[in-house]
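The block underneath contains the structure these notes are about, expressed in structure tokens.
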Amino acid sequence: MLRDMESHTSHAKSLPRLGDVFPDLVKDVVTLLREVSPGDPIADSIADLPFHGVRRGYVLTAPEGVPTPSVMELERGDEAVFLVGIDPSHSVVTWVDVLGGRELPLTWLG
């Protein structure tokens, strides 16, 4: 498992940061995570996660297929707006699913 994370980390250095690609998405997810779980370090790390692309509607912050045993639903009011996949260590977001047909404005032009 550690070997997988090391290769992920070295490859991630060449990828754009999620906060550069989707700053509005990151801002919304961080705000909602802090409401649900104040003080959780996951919220502080999201902007710096590598952007691995969008696959099947999911914004990936880890290589496709990375185990994601936990999923957190983030709500605004009574409406679920995001599903967030959490890695086995419960310390890294591996993907974000934008619910309700929200558009993803791409700001990174690489």
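The values are calculated or read from the model by the stated rules, or taken from the named source; none is laboratory data. Everything quoted here is computed from the prediction, not taken from an experiment. So basically every Cβ, Gly included, is an ideal-geometry build from the backbone, and we count neighbours across all protein chains shown. Surface accessibility is based on the protein's heavy atoms, side chains included, excluding ligands, DNA and RNA. Shrake-Rupley method; radii C 1.70, N 1.55, O 1.52, S 1.80 Å.
Observations, loosely collected:
- The Cα atoms of segment 51-97 give a gyration tensor whose axes a ≥ b ≥ c have a/c of 1.5 or more with a/b no greater than b/c, which makes the shape oblate.
- Couplings 3J(HN,Hα) of segment 59-75, computed from phi: 7, 8, 10, 8, x, 4, x, 4, x, 9, x, 10, 10, 10, 9, 10, 10 Hz, in residue order, whole Hz [Karplus 6.51 cos²θ - 1.76 cosθ + 1.60, θ = phi - 60°; x for Gly and Pro].
- Within segment 14-110, trypsin sites (Lys or Arg not before Pro) in DSSP loop having at most 14 other beta-carbon neighbours inside 10 Å: Arg56, Arg102
- Close amide H contacts of Phe82 (hydrogens built in the peptide plane, cut-off under 5 Å, sequence separation of 5 or more or a different chain): Leu74, Leu99.
- Solvent-accessible area, 1.4 Å probe, carbon plus sulfur percent, for segment 42-99: 51 percent
- Distance between the 7 Å Cα→Cβ label points at Lys27 and Arg56: 3.1 nm.
- For Trp95, the amide hydrogen comes within under 5 Å of the amide hydrogens of Thr61, Gly85, counting only partners 5 or more places away or on other chains and with H modelled in the peptide plane.
- Using a Förster distance of 25 Å, the FRET efficiency for Asp40-Asp78 (Cβ separation, nearest 0.05): 0.65
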